[in-house]
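Here is the structure we will look at, set down as structure tokens.
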Amino acid sequence: MKIRKIEIGSFGKFANYKINFNDGINIVYGNNEDGKSTIMAFIKMMFYGAAGKSLDLSKNIRRKYAPWNGDKMSGFIEFEHNGVDYRVEKIFGASNLSDKVNLWNMATGEKEKISSGTDIGQRFFGIGSAAFEKSVFIGQIGSTISSDGDKDDEITQKLLNLVSTGDEKVSQKKVIERLETAKNVLKAKSGKTGTLVNLNKTLENLNIELFEALGDEKKKSEMQQQYEETVLEEEKLKNDYEINKLQYNIQEKLEEIQKLEYSISKKKYLDSLVDEYNSKKQKLVHDDIYLDSNYVKNCEDQLSTIQTLEKIYEDYAKKLEFIEIENEQLKSEKLTEVTEDYLKSVKIKDKEKIELQNSIDELQNIMKETNEFNFEMNKEQ
């Protein structure tokens, strides 16, 4: 930053006063009470303003440098910042908020916008008024920098920061304090509390849980394998059961067929007896042999019974043929799955088997009576 020119419209003892500055260091000199401090105060107020509440003239610069003739304090400064020339104009009021400030970009001729209450110096230079005063002005007794200076000594703090951290904006003391605070948060001096201690405890508990979980996972895998083997064994047993059940049913069918075959052979024998009876009956009639009427009636009744029996046997023969066809189909089919329809058909066949067995028993009784009849007839001859 370079101050090129100042012009005091009215400030303290000065009115329409101008000073042009050169590059480098400029020395403002004069006798006591010539206004050297007034010029320094004007420059500072142009960039930073000043409070106006105190009644003490040594502390209230606005009252201290109020013009003696009653005019309002005013003036302008032309300065360079980052290679660009600016002009700041100000008419001072009772406070910073009541000051009328204009900022011009002299390169473009445009007026720049300034927010209310904004310090021009803070905007361009990035430092406060105290640091500006120590960096721009050197009074008669000089300006000292001490590491034991007050906390508002911005220049001292910036220089200490620059030396200790390499960055004027970073305070070594604050960094150390923050690091120490963070360290205590992570782990207390006692070593018993803190985020790090809690995290270590949590990690230890998690390791224990992980070990237990791995053990549970191994057991789960073993149990899953046992379960799959059990399921396979169950399927095998079910399949064996259905095969054995089907074989048992087939065996029962074969036994029924054998019984029917036996009944058929009995029926053939009975047919031969009937034929023999008819032959003898015809011979007796042709030979004009007298026959007892009751005996003849009984013979006719027996003959009617035999004819009925023949019809029943014919029905049984058809059923037998149907059962034999079904049996052959069962033998030729490959067992894959026993369906509900198949089980239902097996129940129906079981019922038919019972009914057929009852019929066979009844037929055997008839055959017994027929044999008795044949025996009596042979006795009569």
**Request:** Taking 7 Å along the Cα-to-C-beta vector as the label spot, tell me the L55-E340 distance in nanometres, rounded to one decimal.
**Result:** 10.8
**Request:** Calculate, in nm to one decimal, what E177 and K201 gain on full extension: separation in residues at 0.36 nm each, minus their alpha carbon distance.
**Result:** 5.9 nm
**Asked** Quick one: if you stick a label point 7 Å off each Cα along the C-beta vector at Q307 and L186, how many nm between them?
**Response** 12.0
**Asked** Between I27 and N69, what is the label-to-label distance in nm when each label sits 7 Å out along the Cα-to-Cβ direction?
**Response** 3.3
**Request:** Using a 1.4 Å probe over the heavy atoms of the protein chains, calculate the carbon and sulfur portion of the accessible area of the stretch 166-260 as a whole percent.
**Result:** 56
**Item:** Rounded accessible area of E252 (nearest 10 Å², 1.4 Å probe)
**Value:** 40
**Message:** Tell me whether the stretch 1-122 comes out rounded, prolate or oblate; compute the Cα gyration tensor, take square roots of the eigenvalues as a ≥ b ≥ c, and use a/c under 1.5 as the rounded threshold.
**Reply:** oblate
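Compute the FRET efficiency between Y269 and Y248 as 1/(1 + (r/R0)^6), taking r as their Cβ-Cβ distance and R0 = 41 Å, and round to the nearest 0.05. Please report the intermediate quantities before stating the final value.
Values: r = 32 Å, r/R0 = 0.78.
Between Y269 and Y248 the formula returns 0.80.
Net charge near T181, counting Lys/Arg +1 and Asp/Glu -1 over other residues with Cβ under 15 Å of its Cβ?
Details: positive: K173, K174, R178, K183, K187, K189; negative: E177, E180.
So the environment of T181 carries a net charge of +4.
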**Item:** Formal net charge of residues neighbouring Q307 (Cβ-Cβ distance under 13 Å; K, R +1; D, E -1)
**Value:** -4
**Message:** What does the extension gain come out to for K319 and K18, with contour length at 0.36 nm per residue minus their alpha carbon separation?
**Reply:** 94.2 nm
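Taking K and R as +1 and D and E as -1, what net charge do the other residues with C-beta under 9 Å from the C-beta of K90 add up to? Write down the numbers at each step before the final one.
Working: positive: K100; negative: E89, D99.
That works out to -1.
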**Asked** Among E78, E133, what's the order by accessible area (1.4 angstrom probe), most exposed first?
**Response** E133, E78
**Prompt:** From a point 7 Å beyond the Cα of N102 in the direction of its Cβ, which residues of the stretch 65-84 have a backbone N at a distance under 19 Å?
**Reply:** 72-80
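The values are calculated or read from the model by the stated rules, or taken from the named source; none is laboratory data. Everything numeric here is computed off the predicted structure, so don't read it as measured data. Glycine also receives a Cβ, built like all others from the backbone with ideal geometry; neighbour counts cover every protein chain displayed. For accessibility, only protein heavy atoms count, side chains too; no ligands or nucleic acids. Shrake-Rupley method; radii C 1.70, N 1.55, O 1.52, S 1.80 Å.
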